[in-house]
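The values are calculated or read from the model by the stated rules, or taken from the named source; none is laboratory data. Given the structure is predicted, the values throughout are model-derived calculations rather than measurements. Virtual Cβ from ideal backbone geometry, glycine too; neighbours counted across all protein chains shown. Ligands, DNA and RNA are stripped out before the accessible areas are found, and what is left, the full protein with its side chains, is counted by its heavy atoms. Shrake-Rupley method; radii C 1.70, N 1.55, O 1.52, S 1.80 Å.
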Amino acid sequence: MLFRSVKGINVSSLPPLDDELAKKVGLQTAAELHDRIASDLERTHAEVAREKTRHNLERAIARTYTFEIPNSIIAAETNKALTRKAEQLTGHSRGEKSLAEEMSAYEEEVKNEVEESCRWHFIAQKFASKHNIEVDRQEVISELVKRRYLNPETGRAESARQDETPNDVLITVYNHLISDKVADLLLAQKKSGQ
């Protein structure tokens, strides 16, 4: 049996939403701060909803248009995903057997997800090529900053995983942007009835 001692309880308290706090973040009044927070929350909510819609579209297309993906690609991508999951699970306190059981349960699920993801990737690339959808340098840089791979102040790479080379990061970001543009175009076409 494992016993632990409580050495203390800390409670965080939020500062009051007043003019003083507004000035600390570069605004003049609490009303401006309130409006900024509300617009940030609305923008975040809209982006999350857009991502979910894209994801649902991508899954539906990948499940509808089935074709064989080379086993070497599926194996490599599945291995990457399993390695990331094992790193996540290792950080939590559990027995070795429990980790092996969780990984085993996760393996089939991730293989199916990887297969769908790869299928969508190939479909999106073909669609992008056919419809001249491109990603420019500034879009890649903006996405690198957004994903915190690149510090906008220093221009240096920062948060890539240890198993990712700079080229891997660029390819991932480029593919993500192409995928989003294709999904957005398809959704716009559906909305307009094309």
> If you place +1 on the Cβ of every Lys and Arg, -1 on the Cβ of every Asp and Glu, and leave all else neutral, what size is the dipole of segment 1-101 about its Cα centre, to the nearest 20 Debye?
Replying inline: 500
> Scaled to the compact-protein estimate 2.2 N^0.38 Å, what is the alpha-carbon radius of gyration of segment 64-138, rounded to two decimal places?
Replying inline: 1.46
> Which helices, counted as full DSSP H runs in the chain, have an axial Cα extent of no less than 30 Å and a Kyte-Doolittle average of 0.0 or above?
Replying inline: 166-192
> When the Cα atoms of the chain are enclosed in a convex hull and the volume is divided per residue, what value in Å³ results?
Replying inline: 217
> So, with a 1.4 angstrom probe, what is the percent of accessible area on segment 31-77 that is carbon and sulfur?
Replying inline: 57
>> 7 Å from Cα along Cα→Cβ at both Arg137 and Ala46: what's the point-to-point distance in nm?
In response: 3.0
> For the chain, what is the mean residue ellipticity at 222 nm derived from helices alone (per DSSP H run of n ≥ 4: -39500 (n - 2.57); sum divided by total residues; nearest 500 deg cm²/dmol)?
Replying inline: -24000 deg cm²/dmol
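Rounded to two decimals, what ratio of Rg to Rh does segment 1-84 give with C-alpha atoms and a Kirkwood Rh? Don't skip to the end; give the middle numbers.
Working: Rg = 24.0 Å, Rh = 18.8 Å.
Answer for segment 1-84: 1.28.
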> What is the diffusion coefficient of segment 35-84 in µm²/s, taking the Kirkwood radius over Cα pairs and the Stokes-Einstein relation at 25 °C with a viscosity of 0.890 mPa s?
Replying inline: 177
> Taking a 22 Å limit on the Cα-Cα distance, which of the listed pairs Lys126/Lys190; Lys80/Lys130; Lys80/Lys181 fall beyond it?
Replying inline: Lys80/Lys130; Lys80/Lys181
